[in-house]
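Structure first, commentary second.
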Amino acid sequence: MSHNQTINETPIPFRYAVIPMLVMIIIMGICVIVLKASPHVPLLIGTATAAFIASRFGYTWNFIEEACYAGIKMALPAILIIIMIGLTIGSWIGGGIVATMVYYGLELLSPSMFLFTICSICCIVTLAIGSSWATMGTIGVAAMGIGHSIDIPAPMVAGAVISGAYFGDKMSPLSDTTNLAAGITGTDLFDHIRHMFYTTVPGLVIALVAYYVMGMQFQGAHLDAAKINEVLGVLDKSFVITPWLLLVPVVVIVLIARKVPALPALAAGILMGWGCHVWVQGGHIDMAVKTLQEGFKLESGNAMVDELFNRGGIDAMMGTVSLTIVAMTFGGVMEKTGMLRALVEKILQMAHNAAGLITATIASAILTNATTSEQYISILLPGRMYVEAFRRMRLKSKNLSRALEDGGTVTSVLVPWNTCGVFASSMLGVTAFEYGPYAVLNYSIPILAIIMAFLGIGVQRMSPEEEAEVEREERRERDGTQQAGTTA
């Protein structure tokens, strides 16, 4: 029996398709929340459960194995980015670039406005470079150090970083998810971006107001000037601090703004950081090379500074890489055996009007984030499945592309076992369960999108000319089907 025959002849019903998801979530809750263990084992158990159910419906082991490989293959671009970010962090810490950011941040940022300001900075940087991961791995790392120095809780800082990074990721024409959502739905890129203003800008306003209010509790708080001065002194002693080092991230931003692909742009940043380590900081070449592999090592005598700067390198990213591989193995089995489709189609049955369809799309994207652990699939799969449904209701494709981003892009980082949640946790040192309540933009956008859909705000229907064109296409498709049937 061929793989195609297996798929066509043995669809897995919803009641069985939901079992691996439930098993994985229950065991995940026990392992991560109660036992404080990593998500690897729950995902493996979920994969084994999905494989067992698929085998009971006639799927061969060869097919299941190929599904695992297909899932891992989909994660390869993300894995390359993860490795490059590890190299970037190592070289930028060794080159004194992160230390310079922290140093000037401690001198310039006030505690009460810190959350508001760091969210705004992350918005601007990610709009320019199109990558939330690059922002979290660089600006975010520096922000965590500054926040710790002025006694702002780490989950609050991480939430502000993530909100800003994901606003920029969602609205930047350089973002891969933004281009993916537009491309998969056949929507003009800038029409798609303009249509996202309905939900994304109000989401950012809500987030910034929340961070301003949160920051007020630190207004007038007694800052330990001695502690901050000690940190500044340690940084000054351990690194050469100069504003010229800030040219390195500026160059990377300019490269990506000029549409240089992410990997070459990051590679340029790594080379510049490595050069700064050797020629500005006076590090030995052998140590600079080891830093790229093993991360930066600092023994300053200040525990906070050492905790912040002892990181980076390829080795530090291997836990993230392994979790990405395990998560995508689960996602591959769920998608290729049709179990994810069964879950999504159950949601689609509740969509009887435009508001219901948009809500179903957002819910499907969130569900896909949780089941497949990959942001890209949360855009690709519902995007493929719901194109015809939006077309039948005569809704413009940009309604679908926006719903995919409202449900898929921003919620990925809230799922602890999703590749985005894993990356954010490893970079910022805070779990998704901890930073989740403070990532205000990421959960306010899907809520706003659903409310606006039911109020009819920003729901755009096809013009009479567009409807007529769709009807002509549907007529041609029906005629083609009838002719094929007659010929047969």
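The values are calculated or read from the model by the stated rules, or taken from the named source; none is laboratory data. Note that the structure is predicted; figures quoted are calculated from it, not measured. Note: ideal-geometry Cβ built from the backbone for every residue, glycine included; neighbour counts use all protein chains shown. Areas reflect the complete protein model, heavy atoms only, side chains present, ligands, DNA and RNA absent. Shrake-Rupley method; radii C 1.70, N 1.55, O 1.52, S 1.80 Å.
Some observations on this one:
- Dipole of the chain, positive direction: furthest Cα of VAL326, ILE314, LEU357, with charges on the beta-carbon: LEU357
- The Stokes-Einstein estimate for region 422-463, based on a Kirkwood radius over Cα pairs and taken at 20 °C with 1.002 mPa s viscosity, is a diffusion coefficient of 171 µm²/s.
- For region 322-365 and region 137-161, distance of Cα centres in Å: 33
- Whole-percent P(r), region 47-190, all Cα pairs, 5 Å bins from 0: 2, 9, 14, 15, 15, 11, 10, 9, 8, 4, 3, 1, 0.
- Helices meeting the span-like rule in the chain (full DSSP H runs, Cα extent of at least 30 Å along the helix axis, mean Kyte-Doolittle score of 1.0 or higher): 61-94, 189-216.
- Each of GLN293 and ILE30 was given a label point 7 Å from its Cα along the Cα-to-Cβ line. The distance between the two points is 4.1 nm.
- For the peptides 52-64, 112-124, 457-469, 359-371, the ranking by mean Cβ contacts within 10 Å, running from highest to lowest, is 359-371, 112-124, 52-64, 457-469.
- Protein-only accessible surface order, largest first, of HIS195, HIS352, HIS284 at 1.4 Å: HIS352, HIS284, HIS195
- Using C-alpha pairs below 8 Å separated by at least 6 residues, the relative contact order for the chain is 23 percent.
- Label-to-label distance for SER110 and LEU271 is 4.3 nm, based on points extended 7 Å past Cα in the beta-carbon direction.
- Distant-in-sequence amide H partners of PHE218 (H built 1.01 Å from N, under 5 Å): none
- Mean separation of Cα contacts under 8 Å (6+ apart) over length of region 77-317, as relative contact order %: 35
- Dipole of the chain, positive direction: furthest Cα of TYR376, PRO243, TYR211, with charges on the beta-carbon: TYR376
- Compared with the direct C-alpha span, the chain from ALA37 to GLU473 gains 151.6 nm at full extension, assuming 0.36 nm per residue.
- Summed over the residues of region 77-317 and divided among them, the accessible surface reaches 40 Å² per residue at a probe radius of 1.4 Å.
- Only alpha carbons enter this Debye calculation for region 77-317, each as an equal point scatterer, and the log10 of I(q)/I(0) it gives at q = 0.14, 0.16 Å⁻¹ is -0.91, -1.15.
- Label assignment, Cα extents along the principal axes in Å derived from the structure, set [x] 83, 50, 41; [y] 74, 70, 43; [z] 65, 53, 43: [x]
- Unit charges on C-beta of K, R, D, E only; dipole of the chain, Debye: 660
- Our helix-only sum for the chain, with -39,500 (n - 2.57) per DSSP H run of n ≥ 4 divided by its residues, gives a mean residue ellipticity at 222 nm of -23500 deg cm²/dmol.
- Estimated distance in nm for a label pair at GLU388 and VAL18, the labels positioned 7 Å out from Cα along Cα-to-Cβ: 2.5
- Largest-first principal axis extents of the Cα set of region 301-428 (Å): 65, 28, 18
- Placing unit charges on each Cβ (+1 for Lys and Arg, -1 for Asp and Glu) gives the chain a dipole about its Cα centre, and among LEU298, GLY145, PHE433 the Cα reaching farthest toward its positive end belongs to PHE433.
- Part-to-part distance (alpha-carbon centres) for region 384-463 and region 28-105, which is given in Å: 21
- Here region 77-317 is treated with +1 on each Lys and Arg Cβ and -1 on each Asp and Glu Cβ, and its dipole about the Cα centre works out to around 420 debye.
- Accessible area of TYR16 in the full protein assembly, 1.4 Å probe (Å², nearest 10): 90
- Of LYS336/LYS398; LYS259/LYS336; LYS259/LYS396; LYS36/LYS259; LYS36/LYS237; LYS346/LYS398, pairs whose Cα-Cα distance is over 31 Å: LYS259/LYS336; LYS36/LYS259; LYS36/LYS237
- Remark: region 219-344 projects, on average over all directions, an area of 13.4 nm² (convex hull of Cα atoms).
- Under a model in which nothing but the beta-carbon of Lys, Arg (+1) and Asp, Glu (-1) is charged, region 337-488 shows a dipole of about 160 debye around its Cα centre.
- Stokes-Einstein D for region 304-356, Kirkwood Rh over Cα pairs, 10 °C, 1.306 mPa s (µm²/s): 107
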